[in-house]
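The values are calculated or read from the model by the stated rules, or taken from the named source; none is laboratory data. Computed from a prediction, not measured in an experiment: that's the story for all the values here. Cβ sites come from the backbone with ideal geometry, for glycine too, and all protein chains shown count toward neighbours.
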Amino acid sequence: MTVEYAPRGLVGVLTPQANTTVEPEFAILWPPGIAMLNARLTSTKPSIVARLLDYLRDLPGAAAQFANAPIGTLAFACTGASYYSGVAEEDALVARMQDALGIPVITAALAVRDAFQAVGAERIGLVSPYPDDLTEAATTYWTARGFDVAAVSRGAMADGSFHPIYAMSAAGAAAALAAMPSGRVQAVAMLGTGMPTLGPILGQPFVGDAPVTSCMHALAWRSVCAVTGQAPGRDNFLAWVRGEGWGARYRERMG
């Protein structure tokens with residue numbers, strides 16, 4: 001079953017409650033014929049760790065917001081939850097959700113993993129917008145996924161704003177990407193679904209020979225593959241890295 005504005009597929013997106021980046025970047029990244037429904041991940045817990053864990057552990061309740069809408073895949077647009085919960089809990093929950101819903105369930109972290117695997121990357125670089133504890137949790141997560149974290153470049157958080165990550169500028173993210181040393185890594189991921197990354201990727205799609213992706217970029221690529229039935233692979237991923245299709249939309253939108 002298709003709907004009028006999504007003849008190629010409808011994606012159900014779950015977004016952290018204060019995130020201001022997911023919807024704008026997805027609006028640029030979706031190719032013609034793909035559309036999304038968005039629902040919010042919410043938590044009243046005072047600490048960021050507790051909120052992130054709530055987001056993942058209440059995934060069944062969050063997904064229920066879509067009721068019987070004909071979504072073809074469920075995209076979980078939050079990476080910090082995966083880092084704090086760990087590989088085993090994430091994999092078990094995703095498996096249960098896929099069995100219950102009968103559609104692919106893709107977390108942002110798993111989408112980045114698939115991007116790394118598509119290009120055969122083992123040594124990876126991370127561009128982190130996170131504070132020290134979350135950066136350490138991210139490094140531990142990617143190591144547990146079997147990757148060698150060979151370099152980490154840190155972005156400057158926007159302290160004193162409504163949210164230190166969501167208020168980051170693309171220029172700050174680009175500067176952190178530019179500081180990533182070339183020659184040491186086989187692929188680079190810009191972490192966090194709240195950090196604006198589309199402009200930086202267009203400006204520097206490769207660090208040396210290493211392709212650059214981000215959590216939002218990889219999640220869109222992987223979701224499109226899922227709803228269209230296209231196998232994720234090196235060629236279609238590198239087309240996304242080069243900005244084929246979405247790059248023109250970004251330039252038009254951003255002037």
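Within the stretch 6-41, the residues that satisfy the criterion of being at pLDDT below 95 and surrounded by fewer than 17 Cβ atoms within 10 Å (Cβ to Cβ) are Gln17, Ala18, Thr20.
Kindly provide the set of residues from the stretch 29-76 that are closer than 29 Å to Gly199 by Cβ and of a type in the set (Phe, Trp, Tyr), ordered by number. Hits for the stretch 29-76 are Trp30, Tyr55, Phe76.
Each row is one residue, and each column tells you yes or no for (1) surrounded by fewer than 18 Cβ atoms within 10 Å (Cβ to Cβ); (2) assigned by TED's automatic domain parsing to the domain that holds Gln230.
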residue	(1), (2)
Ser47	yes, yes
Ala50	yes, yes
Glu90	no, yes
Ala95	yes, yes
Gly120	yes, no
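For the stretch 176-225, filtered to residues that are in contact with a Lys or Arg (Cβ under 7 Å, 6 or more places away or on another chain) and modelled with pLDDT of 95 or more, the residue that is surrounded by the fewest Cβ atoms within 10 Å (Cβ to Cβ) is Pro205. With respect to the stated conditions, Thr21 is touching a residue at least 12 places away in the same chain (Cβ under 8 Å) and polar (S, T, N, Q). Taken as a whole, the condition of being touching a Gly at 6+ places or on another chain (Cβ under 8 Å) and part of a loop (DSSP other than H, G, I, E, B) applies to Ala69.
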